[in-house]
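The values are calculated or read from the model by the stated rules, or taken from the named source; none is laboratory data. Bear in mind that the values here come from a model prediction, so they are computed numbers and not experimental data. Cβ coordinates were reconstructed from backbone atoms using ideal geometry, including for glycine residues, and neighbour counts include every protein chain displayed. These accessible areas exclude ligands, DNA and RNA; they are computed on the full protein's heavy atoms, side chains included. Shrake-Rupley method; radii C 1.70, N 1.55, O 1.52, S 1.80 Å.
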Amino acid sequence: MTTAFLPDESFAHRLDAEDSLPGFREKFHLPLGVDGKPLIYLAGNSLGLMPKAARQIVEQELDDWAKLAVDAHLDAATPWYSYHETLREPTARLVGAKPNEVVCMNSLTVNLHLMMATFYRPTKSRFKILMEEPAFPSDTYAIKSQIVHHGFDPKEALLLARPREGEFIVRHDDIEAALDKDGEQIAVVLIAGVNFFTGQLFDIEKITSAAQKRGITVGIDLAHAIGNVPLTLHDWNVDFAVWCSYKYLNAGPGAAAGAFVHERHAVNRDLPRLAGWWGNDPATRFRMHLEPNFVPVPSADSWAVSNPPIFSMAPLRASLAIFHEAGGMDALRAKSIKLTGYLQFLLDHAPSKFFTVITPRETSARGCQLSILVREHPKQLFDKLETAGVKCDFREPNVIRVAPTPLYNTFHEVWLFAKVLAEHR
């Protein structure tokens, strides 16, 4: 982390004047406080802001529906039949994949179940699943239900890599130790790219290599990683990954999520999967009852069980265009490291002893988010932040999560947030 930061307000304005991504903030709608001024919105890790261009794109689809009805599948300005294909290449760039390895569809947890239907094939000798603790609850629920579905007991089959006593992050050495201890019984490692609670960025490449050496399939939940940190899933040899698109991807509540399936699996038509008509070969898709047998597309598309949800994909097109215009994840990551590093610097210099940052200090081990553990009166501090026009989020029992997002947050907003936090008594 750079040591060239200064704590005074004028320095925050100077950093904004030197912004490496000027103008992108104006591409988003900023929610306003009761005073009519923009909120200090640091909750992009929960729900990203609305791109201004999203409205026109959604209205185009509404107009095409009104004017063309069923013919919009082929004759709309962006034909609905192939709508998901417009998302393929920009999404592949964000996750470091080949276009045939990604598909936008469903929601994250639905996609996780679809992936597990293929990649969790437990046997009596290899049936365990390794996750981190704490994992996002929906992942935990899904995985436990998958274990039960296959006739096993989660108490025996679910392994958790936990932080050590008095610590908050999961050490890679402890993940390796779990793989050494139970590797021959582990069928799948499912771990977050970035942990939702602590903001820890896991070394996906290292974990994947360590697990696969032991014959274990590796899946990654990218909910807090996609659009936040650079990813190279293909080169890392990850087996599968899933993500949502309403956090850093700014596609709106309930927007279409996505999945990655490594090419070596994606082109394998013999893999078991839950089938639906949109995963079928498009050359014969509309032969309907004349094609009673499912013939999977030789790509990640073969896991798409249903036709694309146009209205929940449309805003994602607007956001992905902004990511492309900004120069991709490398450019965003450079600003993100500076923005979050500045926040860390300010918190280090704050006189308050009532909080501590539990997110790793190393930039290689975190993304945008800092998780702040508040030792005394945490909800009182959270309410104080809300009153001051700061929008972040609270995680029980005493953690405030804040995520300076490079597309629309400013250094001065970070300074104002740190000022309120430092004044807490």
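Taking segment 279-425, how much of its Cα-Cα pair set, in percent, is spaced more than 26 angstrom apart? Before the final figure, lay out each step's value.
On the way: 5087 of 10731 pairs.
So the pairs more than 26 Å apart make up 47 percent of the total in segment 279-425.
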Discussion item. Please compute the Kirkwood hydrodynamic radius of segment 53-196 from all pairs of different C-alpha atoms, in Å with one decimal.
Written reply: 18.4 Å
Fill in: Cα coordinate range in segment 342-425, projected on the principal axes (Å, largest first)
31, 24, 24
Practice prompt. Between 56, 369, 185, find the one with the highest GNM mean-square fluctuation for the chain; connect C-alpha pairs within less than 10 Å.
Written response: 56
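Taking the square root of 5 times each eigenvalue of the Cα gyration tensor, what semi-axes in Å does the equivalent ellipsoid of segment 238-292 have, largest first?
Numbers: eigenvalues 147, 62, 13 Å².
Calculated on Cα positions only, the semi-axes equal 27, 18, 8 Å.
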Worksheet item: Which one of 410, 326, 378 is farthest out on the positive end of the charge dipole of segment 287-425, using unit charges on Cβ (Lys, Arg +1; Asp, Glu -1) and the Cα centre as origin?
Response: 378
Discussion item. Loop only by DSSP, 15 or fewer other Cβ within 10 Å of the Cβ. Give me the trypsin sites (Lys or Arg not before Pro) in segment 214-278 that pass, ordered by residue number.
Written reply: 214, 269
Response to the item:
Largest fluctuation, 254, 183, 327 only, Gaussian network model of the chain with Cα springs under 10 angstrom, belongs to 327
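Just in segment 274-338: which trypsin sites (Lys or Arg not before Pro) are loop by DSSP and have at most 10 other Cβ atoms within 10 Å?
Values: sites: 285, 287, 317, 333, 335, 338; in loops: none.
When the trypsin sites (Lys or Arg not before Pro) of segment 274-338 are filtered for loop state and at most 10 Cβ neighbours within 10 Å, nothing remains.
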Worksheet item: How long is segment 1-83 along each principal axis, judged by its Cα atoms, biggest number first, in Å?
Response: 60, 33, 22
Practice prompt. Taking only the C-alpha atoms, wrap a convex hull around segment 209-272 and report its volume per residue in Å³ as a whole number.
Written response: 101 Å³
Worksheet, complete the sentence: If R0 = 30 Å, then residue 148 and residue 288, at their Cβ-Cβ distance, give a FRET efficiency to the nearest 0.05 of 0.25
Fill in: Two-decimal ratio, segment 308-368, of alpha-carbon radius of gyration to 2.2 N^0.38 Å
1.60
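Viscosity 0.890 mPa s, temperature 25 °C: give me the Stokes-Einstein translational D for segment 62-133 in µm²/s, with Rh taken as the Kirkwood radius over C-alpha pairs. Please list the in-between numbers first.
Working: Rh = 15.5 Å.
My calculation gives 158 µm²/s for D.
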Practice prompt. Return one whole number: the accessible area per residue of the chain in Å², for a 1.4 Å probe.
Written response: 43 Å²
Discussion item. Can you give me the long-range amide H partners of residue 132? Hydrogens built in the peptide plane at 1.01 Å from N, cutoff under 5 Å, separation of 5 or more residues or another chain.
Written reply: 161, 192
Worksheet item: For segment 64-122 and segment 1-55, what is the separation of their C-alpha centers, rounded to whole Å?
Response: 31 Å
Worksheet item: Once both labels are modelled 7 Å past Cα along the beta-carbon direction, what's the residue 156-residue 110 spacing in nm?
Response: 3.4 nm
Worksheet entry | segment 1-37: GluC sites (Glu not before Pro) in DSSP coil with no more than 16 other Cβ atoms inside 10 Å | 18
Worksheet item: For residue 213, which aspartates and glutamates qualify as cross-link partners when the Cα separation must be under 12 Å and same-chain residues fewer than eight apart are set aside?
Response: 176, 180, 184
Response to the item:
Stretched fully, the stretch from residue 349 through residue 75 gains (0.36 nm per residue minus C-alpha distance, one decimal, in nm) 92.7 nm
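Assuming R0 = 56 Å, what is the FRET efficiency of residue 37 and residue 124, from their Cβ-Cβ distance, to the nearest 0.05?
Details: r = 62 Å, r/R0 = 1.11.
Approximately 0.35, to the nearest 0.05.
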Worksheet, complete the sentence: Computed from the beta carbon distance with a Förster radius of 41 Å, FRET efficiency for residue 268 and residue 55 to the nearest 0.05 stands at 0.50
Worksheet item: Once label points are set 7 Å from the Cα along Cα→Cβ at both residue 213 and residue 67, what is their separation, rounded to one decimal in nm?
Response: 6.0 nm
Worksheet entry | Compactness of the chain, expressed as Rg and Dmax over alpha-carbon positions, Å | 22.4, 73
Response to the item:
Here Rg/Rh (Cα, Kirkwood) for segment 174-317 equals 1.02
Practice prompt. Show which lysines lie in cross-link reach of residue 247 when reach means a straight Cα distance below 19 angstrom and same-chain residues fewer than eight apart are skipped.
Written response: 27, 52, 335, 391
Discussion item. Which one, 336, 107, 125, has the greatest fluctuation when you compute a Gaussian network model over the chain with C-alpha springs under 10 angstrom?
Written reply: 125
Worksheet item: What's the center-to-center distance, using Cα atoms, between segment 317-332 and segment 148-200 in Å?
Response: 33 Å
Worksheet entry | Where labels lie 7 Å past Cα in the beta-carbon direction, separation of residue 180 and residue 205 in nm | 2.3 nm
Fill in: By average C-beta atoms within 10 angstrom, highest first, the peptides 350-361, 136-147, 59-70
136-147, 350-361, 59-70
Practice prompt. Excluding residues on the same chain fewer than 8 positions from residue 384, give the aspartates and glutamates whose Cα lies under 19 Å from its Cα.
Written response: 35, 376, 393, 396, 413, 423
Practice prompt. Report the accessible area of residue 295, computed with a 1.4 Å probe over the heavy atoms of all protein chains in place, in Å² rounded to the nearest 10.
Written response: 50 Å²
